[in-house]
1. Report, to one decimal in Å, the Kirkwood hydrodynamic radius for the chain based on all distinct Cα pairs.
2. What trypsin sites (Lys or Arg not before Pro) does the chain have in DSSP loop regions with at most 15 other beta carbons within 10 Å?
3. Could you compute the net charge surrounding GLN37? Neighbours are other residues with a C-beta less than 15 Å from the C-beta of GLN37; K and R count +1, D and E count -1.
4. What is the local net charge at VAL2, summed over the other residues whose Cβ is closer than 10 Å to its Cβ (Lys, Arg +1; Asp, Glu -1)?
5. Determine, for each peptide in 27-33, 1-7, 16-22, the mean count of other beta carbons within 10 angstrom over its residues, then list the peptides with the highest first.
6. Once you keep just the Cα pairs under 8 angstrom separated by 6 or more residues, what percentage relative contact order results for the chain?
Amino acid sequence: MVSLTIDGKSVSVPEETTILEAARQLDIHIPTLCWLQKVSPT
């Protein structure tokens, strides 16, 4: 697990979680053009 803080809100998420996914867990909206769950970030 990784602990991080976004806009003053703390969350613990698995290491493979993206920043976008962590933000969504905190109900923080980050505008995106496209996102495909099956596409690797690397």
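What follows draws every value from the coordinates through simple rules; no lab data is involved. Keep in mind that what you see is a predicted model, and the values were worked out from it rather than measured. So basically every Cβ, Gly included, is an ideal-geometry build from the backbone, and we count neighbours across all protein chains shown.
1. On the way: mean 1/r = 0.0896 Å⁻¹.
For the chain, the Kirkwood estimate is 11.2 Å.
2. Values: sites: LYS9, ARG24, LYS38; in loops: LYS38.
Passing both the DSSP loop test and the Cβ count: LYS38.
3. Overall, the nearby charge balance is 0.
4. On the way: positive: none; negative: GLU15, GLU16.
So the surrounding residues net to -2.
5. Values: 27-33: 7.9, 1-7: 10.3, 16-22: 13.6.
The peptides rank, most packed first, as 16-22, 1-7, 27-33.
6. Numbers: 24 pairs, mean separation 10.4, N = 42.
25 percent.
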